[in-house]
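Enquirer: Could you have a look at this structure, given as structure tokens, before my questions?
A short reminder: the numbers here are calculations on the coordinates, not readings from a lab. Given the structure is predicted, the values throughout are model-derived calculations rather than measurements. Here the Cβ positions follow ideal geometry from the backbone for every residue, glycine too, while neighbour counts run over all protein chains shown.
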């Protein structure tokens, strides 16, 4: 019984939250890695692009709520996502046309493109803050919990409750659908294959008649889908605040590099590596050991490896270690 | 003279703008902008050495700035005796342990061949070391943080004049840069950018949460000043006389004696804060000029030429027998040390250390905008970039407000669009920075004052 309690404890506080957080990071990391693999630069505007997409989704959510359109127990934001993706894609294509295209055609070094993306970061941040303001916003509606902690206790008769938020389930389900479609697209369709070819060897791809304009456009569209969905899922689960989204860029970068930048599957797993290590290392295991160990060996302290303040620092340290020992990432990078 | 015409014009325009602010807004605002411009100039010089001379991307400027600020705290604050007696020994013992770990790792690295087992041994040493340190330091840290937590709760500093911290800040930042450089300089340019960005976040996390050392988010306030205090100035006779002399024209117009006294008091209060700011300006100007002379000398020395050679073609420079790795490390340390000086100067000017205020946007990306806009590789350009960008950063809100009022002149004051736009005026600075950076990168990629190579 105690063993079951301990298991539920870990599920409730580590596994489920880490899985949801990891999925959100994973979507962002695939976004980073796609841009890096095909357009060949580190996009420092990642977090702000995600916040732009989320902002549009929130505006649509408010509109739908005002006309009384809801999804019942599901959050209204889910209907807003397609519209937000359209706007996000439009925004990205406009930026590409006026900013990135010039450098791509001049074959500028990646560093210069990264600098330019900082300019885009500033502009996007300004646009988001001017339109929706810098404050914290919650736009979740519908049923909050799938299983409540006390209901779970009543049903199973255990001491520990397992609470599963509906946003966590939505996050995981949407991620599975999105990522499997993406991998199917990249590996099976002709366009996806030509994208991979372009990423692998640009000149060779051009020789075999692949249209670079089309590739770039499709990349931005996929990026728009990933950025918007990733952003909305994070916002539903936690809340929307432009500054947090900017900061989320850092663990997302960590995830993309840990997985091997340029490799979408690596980025996907990288998200979970980062999320699980962040939560595993900063969780206080006291209660867990009380359940597992006999009473005489009960621990005094919190049994916490690092205080939760160092959550971000954990993922960055992992990144630094990976960069040192395996700069190409856990899964070899740069094969899209 | 002719050659430097564009430099002189650019700087005159900049000074003119600051003087205009002084005339139309107030001299107080103008001077505080000027002081922060000088500090930004020091930061951009540091970043420019790394990026302009050697082509190294350092996105960790925030971390070095914060370390410089930490130096200001550790140098100037009086030591907290109680805290030292409560937990000092534990902390010192932990410090020895850290040194021990570093030496042990070095020994293993030197002694054994590169192998998997060596990696495991190093990992084991570090992990067990951290666990031991935690056990040793925990009671000490708790004891220190319990000493009068509302006012101290940390070890305090050395109680020396804060000016010394500018040098110590440089050493702190340089030390960290040495470690980072050893670790990360082999990475490709964009990896280095991301790695330094994340490492600087780690530095900030440590500064924010190690309360025994830095007081963390509780902030350290009321640091010592190298300049006189306003309150004291307002009571000194020579200062009041000075203010009276300066404003004698205005004062003569007021006939009533008590009114004249009130006006004089007002002038003294305003004058005192202007005077204090002028003191800081003088100090900062000295630092900027010294650094400018040194960096210019370095740029045109054989060493500077070597750095440019390394930047432009690493392989060729390597083939010529230049030690690229060593030079990169050197320049990374030097540039970061300069940023550390700026960090200490910043805290000196503010008189307070707020770890929560270190954010990458303000202390890393904005500095990069300054370097790119000003002109990388050209020290005058970098300094000008610091001035221009900081000036716009501060004045963006008034300019934005003016623009909003101009474009929405046809709307009523209560129109929701106008109200919303006026509320979001503070964010126009981001827009301005972004568009400015994009325009400069597109149409003048070498910056306002481009790099000039002249052989002297």
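Enquirer: How much mean residue ellipticity at 222 nm does chain A get from its helices, if each DSSP H run of length 4 or more adds -39500 (n - 2.57) and you divide by all residues, to the nearest 500 deg cm²/dmol?
Expert: Rounded to the nearest 500, the figure is -22500 deg cm²/dmol.
Enquirer: Further question: Mind pulling the angle between the C-alpha long axis of helix A:77-95 and the longest principal axis of chain A? Nearest 10 degrees, somewhere in 0 to 90.
Expert: 30
Enquirer: For n ≥ 4 DSSP H runs only, could you compute -39500 (n - 2.57) per run for chain B, divide by its residues and tell me the 222 nm figure to the nearest 500?
Expert: Dividing the helical sum by the residues of chain B leaves -25000 deg cm²/dmol.
Enquirer: Using per-residue counts of other Cβ atoms within 10 Å, averaged over each peptide, order B:139-148, B:92-101, A:233-242, A:273-282 from highest down.
Expert: Per-residue Cβ counts within 10 Å, averaged per peptide and sorted highest first, yield A:233-242, A:273-282, B:139-148, B:92-101.
Enquirer: What order do you get for A:107-113, A:7-13 when each peptide is scored by the mean count of other beta carbon atoms within 10 Å, highest first?
Expert: By packing density, highest mean first, the sequence is A:7-13, A:107-113.
Enquirer: Using Cα pairs under 8 angstrom and six or more residues apart, how large is the relative contact order of chain A, in percent?
Expert: Once normalised by length, the contact order is 32 percent.
Enquirer: If you don't mind, another one. Sort B:328, B:209, B:420 so the one with the fewest other Cβ atoms within 10 Å of its own Cβ comes first.
Expert: On the way: B:328 22, B:209 18, B:420 13.
Least crowded to most crowded, the residues run B:420, B:209, B:328.
Enquirer: If you average the C-alpha positions of segment B:204-268 and of segment A:216-277 separately, how far apart do those two centres end up, in angstrom?
Expert: 49
Enquirer: Residue B:117 versus residue B:245, label points 7 Å from Cα toward the beta carbon: distance in nm?
Expert: Output for this residue pair reads 8.1 nm.
Enquirer: For the pair residue B:142 and residue B:12, what calculated FRET efficiency results from E = 1/(1 + (r/R0)^6), where r is the Cβ-Cβ distance and R0 = 51 Å, to the nearest 0.05?
Expert: With a Förster radius of 51 Å, E is 0.30.
Enquirer: So, one more: What is the average number of partner chain Cβ atoms found within 10 Å of a Cβ in B:196-209?
Expert: Per-residue shielding by partner chains comes out at 5.
Enquirer: OK, next. Fewest first, what order do B:37, B:279 take by the number of other Cβ atoms within 10 Å? Show your work: numbers first, answer last.
Expert: Numbers: B:37 25, B:279 15.
Ordered from fewest to most neighbouring Cβ atoms within 10 Å, B:37, B:279 come out as B:279, B:37.
Enquirer: Using Cα atoms only, what is the angle between the long axis of helix B:324-350 and the major principal axis of chain B, expressed in degrees (0 to 90) to the nearest 10?
Expert: Taking the Cα atoms of chain B, the angle to B:324-350 is about 40 degrees.
Enquirer: What shape does segment B:294-342 take by its C-alpha gyration tensor, where a ≥ b ≥ c are the square roots of the eigenvalues and a/c under 1.5 counts as rounded, a/b above b/c as prolate, and the rest as oblate?
Expert: Here segment B:294-342 falls in the oblate category.
Enquirer: Moving to a separate point now. Could you put B:128, B:76 in order, starting from the residue whose Cβ has the fewest other Cβ atoms within 10 Å?
Expert: The most exposed by this proxy come first: B:128, B:76.
Enquirer: Can I ask one more? Take the alpha-carbon centre of segment B:269-337, take the same for segment B:116-139, and report the distance between them in whole Å.
Expert: Measuring centre to centre over Cα atoms gives 38 Å.
Enquirer: Enter the angle in degrees (range 0 to 90, nearest 10) between the Cα long axis of helix B:5-24 and the first principal axis of the Cα atoms of chain B, meaning the one along which they spread out most.
Expert: 60
Enquirer: For residue B:189 and residue B:234, calculate 0.36 nm times their separation in residues minus their Cα-Cα distance, and state this gained length in nm to one decimal.
Expert: Difference between extended and current length: 10.9 nm.
Enquirer: Please work out the C-alpha center-to-center distance from segment A:95-137 to segment B:350-383 and express it in whole Å.
Expert: The two parts, judged by their Cα centres, are 19 Å apart.
Enquirer: Across peptide A:245-254, how many C-beta atoms of other chains are within 10 Å of each residue C-beta, on average?
Expert: Mean partner shielding for this stretch: 3.
Enquirer: Just checking the output field for B:436-443: average partner chain Cβ neighbours within 10 Å of each residue's Cβ?
Expert: Across B:436-443, the average partner-chain Cβ count within 10 Å equals 5.
Enquirer: Further question on the same structure: Cβ neighbours within 10 Å, averaged per peptide: list A:199-206, A:71-78, A:46-53 in order, most packed at the top.
Expert: A:46-53, A:71-78, A:199-206
Enquirer: To the nearest 0.05, how large is the calculated FRET efficiency for residue B:105 and residue B:257 if R₀ is 56 Å and r is the Cβ-Cβ distance?
Expert: 0.15
Enquirer: Here is a further query. What is the distance, in nm, between label points placed 7 Å from the Cα along the Cα-to-Cβ direction at residue A:295 and at residue A:154?
Expert: Modelled inter-label distance: 3.1 nm.
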